[in-house]
Amino acid sequence: MNTSSCLRRLAASLCVVAAAGHLAYAQMPSASQASLIVPYPAGSAFDIAARQIQTELGKNLGKTVIVENIGGASGSIGAQRLLSADPNHLTMMIGSPNELALPPLMLSGVRYQPQDFRMVAHVTTGVLAILVRPDYPATDLSELIARAQAPGAKPISIANVGLGSIFHVAAADFSQRAVLPVTHVPYKGGAPIMQDLMGKQVDMTVLPLIPSSIQAAKEGRIRVLAVLGPNRHAAMPDVPSVDEVPSLKGMHYAMWTGIFTASKLPIAMAEKINKAANPVVASASFRKWSEEQGNLAGEVIDLNQAAEFYGRESEKFRKLATEIRLERQ
């Protein structure tokens, strides 16, 4: 089956419940609280975004939204928790393909599939960047590649937030395109990676370019070698886009987040969450906050648009994992 056929089938499977569900009606669970799962530890970028929206989202839903941090296994533990949640308690998750599309491809213990989840809102989008320890002997990507390819050079140690994550995929894509020997070092979150990068325990990582990393770079505690997008970042205009290295042109990665539910959640509930979340994402205060975090606020989308977007992204990562020949763990 070709890629376009796979994409159509995935998008259709994500949309079919939405199409049929308009015929049914379901009451929102009566409990006064709702859960918003963050599949990473407290202090992560997902956690910060969840806590930024939880109050206004709760007001619009008529509930108190409680953030639950359930990290581990590249976010798949939190995703599985969403699927097994009590149907009488409203449970949502801040997620992305990193937790929902990649683990089924990469981790043998993961039994769910992308279509087990429904995207109900788009929250943020942020570009990824290549970061290195402060004393790494290269000032740009071209020099890093040349040094790593030199006879007798040791493999570059690359810290990843979990094997099979978007960060692992991006790092593997980089090493394959640049033909570099590397050692992947798994971590449970971005915060410990940054600590070890600043402590010179690992050579490199791929993470979202957020204010804390920008500040660390300005203070000389890390260095940012490239932005994995077509344009330079406004907060770091001296850092080149990856497109400025000919062999890496087009190696673009962004970490977007959305609000997800289990696909089995009745469509009427999903629509209520969508209508509650969209005004939060569209608000001037949230858009300003997102920009301050180095991100863009998400787009206001309905459930059909969300299903199409999520289907495209899931298929993109499925194809990419095959192309770079990542081995299932």
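Can you tell me what the convex hull of the Cα atoms of the chain projects to on average, as an area in nm²?
16.3 nm²
How large is the helix-only mean residue ellipticity at 222 nm for the chain, computed as the sum of -39500 (n - 2.57) over DSSP H runs with n ≥ 4, divided by its residue count, in deg cm²/dmol to the nearest 500?
On the way: 12 runs with 137 residues, N = 329.
One gets -12500 deg cm²/dmol as the mean residue ellipticity at 222 nm.
Going down the table (Lys188/Lys272; Lys59/Lys288; Lys63/Lys272), which pairs top 24 Å between alpha carbons?
On the way: Lys188/Lys272 33 Å; Lys59/Lys288 20 Å; Lys63/Lys272 12 Å.
Going by Cα-Cα distance, Lys188/Lys272 fall outside the 24 Å limit.
Hey, can you rank 285-291, 225-231, 251-257 by average C-beta count inside 10 Å, highest first?
The densest-packed peptide leads the list: 251-257, 225-231, 285-291.
Between Lys316 and Ala234, how many nm apart are label points set 7 Å from Cα along the C-beta direction?
Rounded to a tenth, the inter-label distance reads 2.1 nm.
Helix check for the chain. Which DSSP H runs span at least 15 Å along their own axis by Cα, with a mean Kyte-Doolittle hydropathy no less than -0.5?
Answer set is 3-21, 45-61, 166-178, 267-282.
Residue separation times 0.36 nm, minus the C-alpha to C-alpha distance between Glu68 and Ser108: what's the value? Present the calculation step by step, with values, prior to reporting the outcome.
On the way: separation 40, 0.36 × 40 = 14.40 nm, distance 2.53 nm.
Gain in length upon complete extension: 11.9 nm.
Regarding segment 234-304, what is the average projected area of its C-alpha convex hull, in nm²?
That works out to 6.8 nm², a quarter of the Cα hull's surface.
Normalized C-alpha radius of gyration of segment 119-188, against 2.2 N^0.38 Å?
The reported ratio for this selection is 1.28.
Evaluate Rg over Rh across segment 127-248, taking Cα atoms for both radii and Kirkwood's formula for Rh.
Rg divided by Rh gives 0.92.
Taking each pair of distinct Cα atoms in segment 184-314 once, what is the resulting Kirkwood hydrodynamic radius in Å? Mind dumping the intermediate values first?
Working: mean 1/r = 0.0575 Å⁻¹.
Kirkwood hydrodynamic radius for segment 184-314: 17.4 Å.
Normalised by the number of residues in segment 32-165, what is the relative contact order in percent for Cα pairs under 8 Å and 6+ residues apart? Mind dumping the intermediate values first?
On the way: 159 pairs, mean separation 32.8, N = 134.
Relative contact order comes out at 24 percent.
A short reminder: the numbers here are calculations on the coordinates, not readings from a lab. These numbers come from a predicted model, not from an experiment. Note: ideal-geometry Cβ built from the backbone for every residue, glycine included; neighbour counts use all protein chains shown.
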